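The structure appears right after this line, and notes come after that.
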Amino acid sequence: MHGLKNVSHRHDDALSRIGWADLERLLATYYREVGWWVEHSGTGGTGAKFDGGVDLRIRRDAEVVLVQCKHWNAKQVPHNAVHELLGVMVNEGATGAILVSSGEFTRAAIDAAQRHGHVKLIDGETLRGMLGPLPEPEPPPRATPASAVRARPQRSGANLLFWLMALAFAVAFVLIVREVLDRTADTATEPVTGPAMDTRAPAVQSTVVIHAPQPAVAEPVRPIPSPPRLPTEAEIRESQRKADEAMRLIEDSTPEI
């Protein structure tokens, strides 16, 4: 906007802080409410890059009016904008045109509109009277610093690595303990041997009881069960060797855990 004139009064209100697309939508709503059929052809309604100099096409009965919005609050709208809108009106065969500014028009723009008589100007004061008081727009979300965004994946990666290592240590601990318990159980189930015992059965004496006057009758001899076999010295030494080997395995595994 180089070379344009500054406004004599710069507005500081909700209307001055909304976007140009929001201003187009507010005007479209206003004209619909007062009885016009509205086609929102501007970039705020279609999303196109260019609007062809027309933001709204409004119709009522035989009237076809073109509306162009200038959301300017710091600079005055020059007479060139009046001439451009007048040319579009003639090309489309419209019956009238409205040039809207949220700020001010230059004196030359006002004279041009009055001279041609087909373009109506609506400045910021008139526009605010049409739309009424507006709520303050919501502030945009605060951007997250790039450094913080880069730091988050690093912290997440470190936490994941920590928990993976902890899980690996826990699994290794369980496997070692299970192996030790299995070997201990195998050792405990082996037969325990001891020194040889004398398995010779003691002599059994038969006892004869004589009752008078009946003849003497001898008691029957009952067999004495053999005692259980005790482990030999060689079997005891082998069992002690296996127990010592299990204890060494537990002692070697304990520092790693």
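The numbers here are math on the coordinates, done by the rules we state, and not lab data. Values in this document were obtained by computation on a predicted structure and should not be read as measured data. In this analysis, Cβ positions are derived from the backbone assuming ideal geometry, glycine residues included, and neighbour counts consider all displayed protein chains.
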- Most exposed to least, judged by fewest other Cβ atoms within 10 Å, His71, His9, His118 sort to His9, His118, His71
- List Ile122, Ile110 from most exposed to least, where exposure is judged by having the fewest other Cβ atoms within 10 Å. Ile110, Ile122
- Item | Cβ-based exposure ranking for Asp182, Asp13, Asp123, Asp61, in which fewest neighbours within 10 Å come first | Asp61, Asp182, Asp13, Asp123
- Rounded to one decimal in nm, the spacing of the 7 Å Cα→Cβ label points at Ala168 and Val34 is 7.5 nm
- Take the Cα of Ser16, step 7 Å along the line toward its Cβ, and report every residue of region 97-123 whose backbone nitrogen sits under 11 Å from that point. 103
- ³J(HN,Hα) across region 65-71 via Karplus (A = 6.51, B = -1.76, C = 1.60, θ = phi - 60°), whole Hz, x for Gly/Pro? 10, 9, 10, 10, 9, 10, 8
- Note on the structure: A chain fully extended from Leu161 to Val90 at 0.36 nm per residue, minus the present Cα-Cα distance, gains in nm 18.4 nm
- Item | Computed lengthening from Arg60 to Asp111, 0.36 nm per intervening residue step minus Cα-Cα distance | 15.6 nm
- Task: Label region 14-131 by shape, choosing from rounded, prolate and oblate, from the square roots a ≥ b ≥ c of the eigenvalues of the Cα gyration tensor; if a/c is under 1.5 it is rounded, and otherwise prolate applies when a/b is larger than b/c, oblate when it is not.
- Result: rounded
